[in-house]
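Have a look at the structure below, then the notes.
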Amino acid sequence: MHYLTTLVQKIKNNRNIVVATHRDPDGDGIAAALASAYLVKHYKRKKPILFCHSRIPLKYQFLLGDWEFTRKVPDFDLLVAVDSADISRIFPKIAEDKFKGAAIINIDHHRSNNSFGALRIIDETASSACEIIYFIFRNLKIRISKALAEIFYCGIYNETGGFVYPNTTKEALQIASELVGLGVQPGPLVKQMNAKTLGGTKLLTKVLETIEVKDGVAIMYLHQDMLKRSSADMSDSENFISFLQAIKDVRVSMFLREEKDGTRISLRSDGIIDVDKLARQYGGGGHRLAAGLRLRKNVHAAKKEILRAILHRIKNKS
């Protein structure tokens, strides 16, 4: 646990501290950033700056309390980067030499993490970034308030798909139990986290109409005009891919979302192929059973290319 001493020293010895998570943040990334901000505040007695390139989705804003994320890239002496396999996922289109001289702490659970930063706290066996940070709090014997316990619970719940994804370990369930012991009420909290907007529900109906299944691969997509016609945000589609995973005999799922400069692709596998390896071919990454990537192609060209790659890997069991 020598890394804990280094972690605390870096927090204590730096003045301008920024805690940041990846663009298009999910529940684990947001919760991990908030938990890390609590950690910094514990030692510095003041709040660090919270940064995210994208807006925090409306569904997660109840977690923020009196915290606020900025979208303006701040100056810093120390960056605590959470749930991000690559620094470019935090600062898209910004050269790394801009941060030359700054200390970086990298806290992550993705196998595709490229080991950036001076202090790397990476555990690919952890269910989530929140699980790693929870153990940091516990090993440092820092009190966890009810508000922070709810943040941890939401992060782990989200990353494990409500404790049903393959990354639902005994450690994740044990932590959830301990958090309930600290005052978390799962029912009301999960209901609030899973609340759907009317626009998001309308968007889902449009996206589900695009589903097709080919040789065990389920595919669906989202166009920008669907967002406009539904009065929805891209963040409303965060967990849509679970509908593909639930289809009988589907082995691999692919959800394509049209963006301004290309297509964002989410991949899920039941284990027949390693989607992390596939995503890394295109500059993406994640985990063996869940990964993502972006292509500078339109939805249909991206679908054709990635489907061909998936079917090739299924055929060769790679």
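It is to be established whether one or more residues within segment 165-187 are over 17 Å from K59 (Cα atoms), of a type in the set (F, W, Y) and touching a Phe, Trp or Tyr at 6+ places or on another chain (Cβ under 8 Å). It would help to see each step written out before you state the result.
Filtering segment 165-187 down to residues over 17 Å from K59 (Cα atoms) leaves 165-185.
Pick out the ones that are also of a type in the set (F, W, Y) and you get 165.
The next check asks that each one be touching a Phe, Trp or Tyr at 6+ places or on another chain (Cβ under 8 Å); those that pass are none.
The answer is no, given that none of the residues of segment 165-187 is over 17 Å from K59 (Cα atoms), of a type in the set (F, W, Y) and touching a Phe, Trp or Tyr at 6+ places or on another chain (Cβ under 8 Å).
So how many residues does segment 50-92 have that are over 17 Å from the mean Cα position of the chain (by Cα), acidic (D, E) and either under 28 Å from V190 (Cβ atoms) or outside any loop (DSSP other than H, G, I, E, B) (or both)?
Total meeting the criteria: 2.
Residues to consider are S266, S230; find the one that is over 20 Å from the mean Cα position of the chain (by Cα) and hydroxyl-bearing (S, T, Y).
The match here is S230.
Return the residues of segment 1-44 that are outside any helix (DSSP H, G or I) and within 24 Å of N158 (Cβ to Cβ); say none if nothing qualifies.
Narrowing segment 1-44 to residues outside any helix (DSSP H, G or I): 1, 14-26.
Hits for segment 1-44 are V18, V19, A20, T21, H22, R23, D24, P25, D26.
Those residues that are charged (D, E, K, R) and under 16 Å from V8 (Cα atoms), I need them from segment 105-137; list them, please.
R120 - this is the single residue of segment 105-137 that is charged (D, E, K, R) and under 16 Å from V8 (Cα atoms).
Under the condition of being outside any strand (DSSP E or B) and in contact with an Asp or Glu (Cβ under 8 Å, 6 or more places away or on another chain), which residue from segment 264-294 is nearest to Y165 (Cα to Cα)?
The selected residue is L289.
Would you pick out the residues in segment 142-170 that are among the charged types (D, E, K, R) and closer than 29 Å to A102 by Cβ?
E159
Within segment 197-226, work out how many residues are surrounded by 15 or more Cβ atoms within 10 Å (Cβ to Cβ) and part of a helix (DSSP H, G or I).
8
Before we move on, is K297 part of a helix (DSSP H, G or I), in contact (Cβ under 8 Å) with a residue 12 or more places away in the chain and surrounded by fewer than 21 Cβ atoms within 10 Å (Cβ to Cβ)?
The answer is no for K297.
Residues in segment 93-140 that are outside any strand (DSSP E or B), hydrophobic (A, V, I, L, M, F, W, C) and modelled with pLDDT of 95 or more: how many?
Just the residues of segment 93-140 that are outside any strand (DSSP E or B), to begin with: 93-102, 109-118, 123-140.
Right, trim to hydrophobic (A, V, I, L, M, F, W, C) and you get 94-95, 99, 102, 116, 118, 126, 129-130, 132-133, 135-137, 140.
Okay, now just the ones that are also modelled with pLDDT of 95 or more, so 126, 129-130, 132-133, 135-137, 140.
Residues meeting the conditions: 9.
Please count how many residues of segment 262-285 are surrounded by fewer than 21 Cβ atoms within 10 Å (Cβ to Cβ) and not charged (D, E, K, R).
6
Which residue pairs have Cβ atoms closer than 8 Å, lie 6 or more positions apart in sequence or on different chains, and pair a first residue in segment 122-150 that is without any contact (Cβ under 8 Å) to a residue 40 or more places away in the chain and of a type in the set (G, A, S) with a second residue that is surrounded by 17 or more Cβ atoms within 10 Å (Cβ to Cβ) and not in a loop (DSSP other than H, G, I, E, B)?
These pairs meet every condition: A149/L179.
Could you check, for segment 235-242, whether at least one of its residues is crowded, with 20+ Cβ neighbours inside 10 Å and more than 21 Å from H22 (Cα to Cα)?
Within segment 235-242, none of the residues are crowded, with 20+ Cβ neighbours inside 10 Å and more than 21 Å from H22 (Cα to Cα).
Kindly indicate which of T168, T125, T160 is of a type in the set (V, I, T) and surrounded by fewer than 17 Cβ atoms within 10 Å (Cβ to Cβ).
Criteria check complete, one pass: T125.
Say whether the condition of being acidic (D, E), more than 19 Å from E150 (Cβ to Cβ) and assigned by TED's automatic domain parsing to the domain that holds I133 is met by at least one residue in segment 26-45.
no
The values are calculated or read from the model by the stated rules, or taken from the named source; none is laboratory data. Because the structure is predicted, anything quoted here is derived from the model rather than measured. Methodologically, a virtual Cβ is constructed for each residue, glycine included, from the backbone with ideal geometry; neighbour enumeration extends over all protein chains shown.
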